[in-house]
Each structure stands twice: as C-alpha cells, then as structure tokens.
1. Counting just the residues of the stretch 70-92 that are part of a loop (DSSP other than H, G, I, E, B) and among the polar types (S, T, N, Q), which one comes out surrounded by the most Cβ atoms within 10 Å (Cβ to Cβ)?
2. With the checklist (1) open to solvent by 10 Å² or more (accessible area, probe 1.4 Å); (2) over 22 Å from P197 (Cβ atoms); (3) among the β-branched types (V, I, T) in hand, flag the one item V58 doesn't pass.
3. When you scan the stretch 176-211, how many residues do you find that are surrounded by fewer than 14 Cβ atoms within 10 Å (Cβ to Cβ) and either in a helix (DSSP H, G or I) or modelled with pLDDT of 85 or more (or both)?
4. Consider L13 carefully, then state whether it is under 22 Å from the mean Cα position of the chain (by Cα), open to solvent by less than 20 Å² (accessible area, probe 1.4 Å) and not small (G, A, S).
5. Return the only residue of S95, S107, S114 being open to solvent by 10 Å² or more (accessible area, probe 1.4 Å), part of a helix (DSSP H, G or I) and under 18 Å from G43 (Cβ atoms).
6. So if I check each of R121, R126, R67, which one is open to solvent by 60 Å² or more (accessible area, probe 1.4 Å), under 30 Å from S199 (Cα atoms), modelled with pLDDT of 90 or more and not acidic (D, E)?
7. Of a type in the set (V, I, T), farther than 17 Å from A106 by Cα and either open to solvent by 70 Å² or more (accessible area, probe 1.4 Å) or assigned to a helix (DSSP H, G or I) (or both): which single residue out of I20, I38 fits that description?
8. Exactly one of (1) surrounded by 19 or more Cβ atoms within 10 Å (Cβ to Cβ); (2) in a loop (DSSP other than H, G, I, E, B) is unmet by L31. Its number?
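The values are calculated or read from the model by the stated rules, or taken from the named source; none is laboratory data. Here the structure is a predicted model, which means the values were calculated and not measured. Reconstructed Cβ throughout: ideal geometry from the backbone, glycine too, with neighbour counts over all protein chains shown. Side chains included, ligands, DNA and RNA excluded: accessible areas come from the protein's heavy atoms. Shrake-Rupley method; radii C 1.70, N 1.55, O 1.52, S 1.80 Å.
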Amino acid sequence: ALATLVSTTVNVLRARQVDIRALINKEACDLRLLRRAIFGMFGTRQHANRRSRALTLVKRYVDQIDRECNAGAIESLQVLELSGGVATNELDELSAMLHGVDGAAASRQGSVGSADDIISRLNSYRSDRVALLLTDFPDLHWIVLAALSVSISLTFLLESNQLVNQYLNSIQLRCLFALLVGVFSATATLCIDLRDPFSGSFSVAGTSAQVGDLRLCLLEDVREAKSDASELSSSTFRFFPSPKAEKENTSNGKPKPMNGPSRRDISPSRYGNNFFSTVYFHLLTGPLGSNVRALGELVAWAATIVWKKTRRPVLAWRRKKWPWTKRGKPKASVDVERKKGVEDAE
C-alpha cells in the first residue's frame with residue numbers, strides 16, 4: 001500500500017510540474033504572437049493611443065503571470081479563489097477593446113480575429129495552469145503516508161527484537177533500521193519538494209524568465225507608443241481648453257491654473273462618449289470602413305506635421321493669453337513661504 005501511494009504521489013506531482021512548465025511556455029509564445037497582432041491592429045500613427053493601451057494591458061497580464069510563477073503563488077491563488085477573483089485578468093479589458101470601436105478602427109481586421117483567438121487560448125492556458133496549482137493532495141493523503149511509514153518502522157523494531165528471529169547481529173539490524181528510516185526520510189523530502197512547483201530542486205520558476213524578457217520588450221513598446229501619441233493633436237487639448245473650462249478658471253475674477261482634460265472626460269466607453277464617436281463607429285463598420293481608416297491615417301500624419309511646426313507659436317500665444325498657466329509658483333507666494341519658514345525656524 002505504501003509503495004503504491006508513494007509511486008502515485010510522485011508521478012502525479014512530477015506530471016503536474018511538467019504540465020505547468022509546458023503551459024507557461026505556451027503562454028509566453030502566444031503573448032509574443034499577441035504583441036505582433038496588436039502591432040498589426042494598431043501599428044499606425046493614428047492608433048498610437050490604442051496601441052499604448054493594448055500593450056499596457058498585455059504588460060499587466062505578463063506581470064500577473066510573473067507573480068503566479070514564484071514561490072508562494074499557490075497561497076495567493078487560494079486567497080483569490082476564496083474571494084472569487086481568480087478568473088479576473090487584463091485580457092477581459094483587451095477583449096472589450098477588440099469588440100468595441102477600437103477593434104472596428106483597427107488597420108487590419110484580420111489581426112483583430114487573430115488577437116481574439118490568441119486571447120481565448122491564453123485564457124484556456126491560464127485556467128489549466130491555475131487548476132493544476134490549486135489541485136493538490138488533501139492533508140489526509142499525507143497523514144496516511146506518514147502513518148504507513150511509521151507503522152512499518154515500528155513493525156520492524158518489534159520483529160527484530162524477538163530472540164528467536166534474531167538471525168542477524170545488532171550492528172546489522174541497526175544498519176537495516178537506519179536504511180529504512182533513510183529511505184522514508186528521502187521519500188518524504190522528495191514529496192515535499194514536488195509539492196510546490198516553484199521551489200526546491202525540481203522548481204520550474206526558471207521558466208518564467210522568458211516572461212520577464214517579454215516584459216522588457218513591452219515596456220519599450222509602450223514607451224514608443226506614448227511617444228508617438230504625444231505628437232498627435234490630442235496633446236493640443238491642454239493648450240486649447242473648452243469655453244466651460246475657461247469660464248471655470250476665470251470665475252470670481254481670479255485666474256486659476258489651467259488643467260488638461262480629466263480622466264473621466266477622455267476615458268473611452270465601448271462605443272465612444274458622444275454622438276460623433278457613435279457615428280464614427282458605424283462608419284468604420286460600414287462599407288466605407290477602409291476609406292475612413294485611410295483618411296484617419298492621413299489626418300494623423302497631417303496633425304503631427306502641423307503640430308511640430310506650430311508648437312512654439314502656440315505655446316507663446318498660450319502664455320500671452322493665459323499668463324497664469326506658466327509653471328512654477330508666483331514670486332509673491334514664494335516670498336511668503338520663505339518668510340514663513342524663517343519665522344518657524346526662529
């Protein structure tokens with residue numbers, strides 16, 4: 001019974017480690033394919049903001065995989081399972097992008113389908129990996145193994161203590177008992193080592209190193225996408241505030257620092273935030289979708305060129321019209337703070 005249980009335990013735990021290693025490798029390969037699909041969808045200049053958002057979501061998912069492939073990940077997943085959030089990941093938000101106006105505006109619709117298939121496979125791989133990590137032998141299994149080992153050791157001591165059956169001398173009996181205890185101890189150490197896939201001699205934590213390399217590539221891609229997005233006309237909203245914002249900043253005759261659009265104002269919903277976004281979505285999904293995308297690309301390049309050439313005059317005009325938007329504190333407030341600091345020191 002003990003030999004059968006030990007053999008089954010070692011085979012199951014070792015097979016689990018091999019499956020986890022294979023799933024991590026599959027996830028890393030599909031994440032690289034998803035990165036290329038995102039470039040296929042949002043690789044052009046007009047989609048720089050969308051590319052930055054999508055790559056940021058992929059980077060967060062990579063960070064989640066990295067956290068789930070370290071020592072102590074099983075305890076963290078158990079806590080998430082009890083709270084009901086073990087299935088939550090950033091791929092859901094990325095899928096929402098693909099099935100909304102962002103997916104309709106993609107440069108290549110074939111890349112949208114490929115990305116959707118990759119997301120489906122990634123969810124399947126992660127579900128299998130999390131199931132393998134959370135499926136372990138119950139405590140009763142280990143208690144039975146320990147009880148069988150102890151019972152065999154006690155039986156050997158009782159049988160070898162009989163004078164009739166002492167066909168071996170005391171030194172030989174002691175050697176056999178030490179060998180028996182050593183085998184049981186080594187088997188217990190092996191089972192404990194295999195119980196946690198990310199620690200011990202059989203650790204598969206090194207497989208997640210390729211995920212770390214992918215994270216560095218995604219960080220560079222996000223930085224490049226944000227650099228491209230900063231050159232588009234969306235940056236000019238900070239220099240051309242709406243009449244409502246201008247009225248609020250000049251209320252009570254006291255100018256206030258000009259602020260850019262808030263997160264709530266610029267965060268997109270599924271089909272946009274206004275009437276024009278809805279019309280834009282239907283144009284993209286209609287028969288003239290390719291023409292609309294080409295026109296958007298031309299507008300994006302033209303906006304970049306115009307912004308580069310008119311940046312300095314616009315900044316100068318902005319400072320002239322709204323002098324309170326200059327960075328830094330006014331000289332009077334600086335003098336008051338300095339005087340207050342001297343008084344406190346005294």
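1. Pass one, the stretch 70-92, residues part of a loop (DSSP other than H, G, I, E, B): 70-72, 84-90.
Applying the additional criterion that residues be among the polar types (S, T, N, Q) yields 70, 88-89.
On the way: N70: 13, T88: 11, N89: 18.
Per the stated criteria, the residue is N89.
2. (1)
3. 12
4. Working: under 22 Å from the mean Cα position of the chain (by Cα): no; open to solvent by less than 20 Å² (accessible area, probe 1.4 Å): yes; not small (G, A, S): yes.
Considered against the rule, which asks whether it is under 22 Å from the mean Cα position of the chain (by Cα), open to solvent by less than 20 Å² (accessible area, probe 1.4 Å) and not small (G, A, S), L13 comes out as no.
5. Values: S95 fails: under 18 Å from G43 (Cβ atoms); S107 fails: part of a helix (DSSP H, G or I).
The unique qualifying residue is S114.
6. Details: R126 fails: open to solvent by 60 Å² or more (accessible area, probe 1.4 Å); R67 fails: modelled with pLDDT of 90 or more.
Selected residue: R121, the only one of R121, R126, R67 that is open to solvent by 60 Å² or more (accessible area, probe 1.4 Å), under 30 Å from S199 (Cα atoms), modelled with pLDDT of 90 or more and not acidic (D, E).
7. Working: I38 fails: farther than 17 Å from A106 by Cα.
Step by step, each of I20, I38 is checked, and only I20 is of a type in the set (V, I, T), farther than 17 Å from A106 by Cα and either open to solvent by 70 Å² or more (accessible area, probe 1.4 Å) or assigned to a helix (DSSP H, G or I) (or both).
8. Exception for L31: condition (2).
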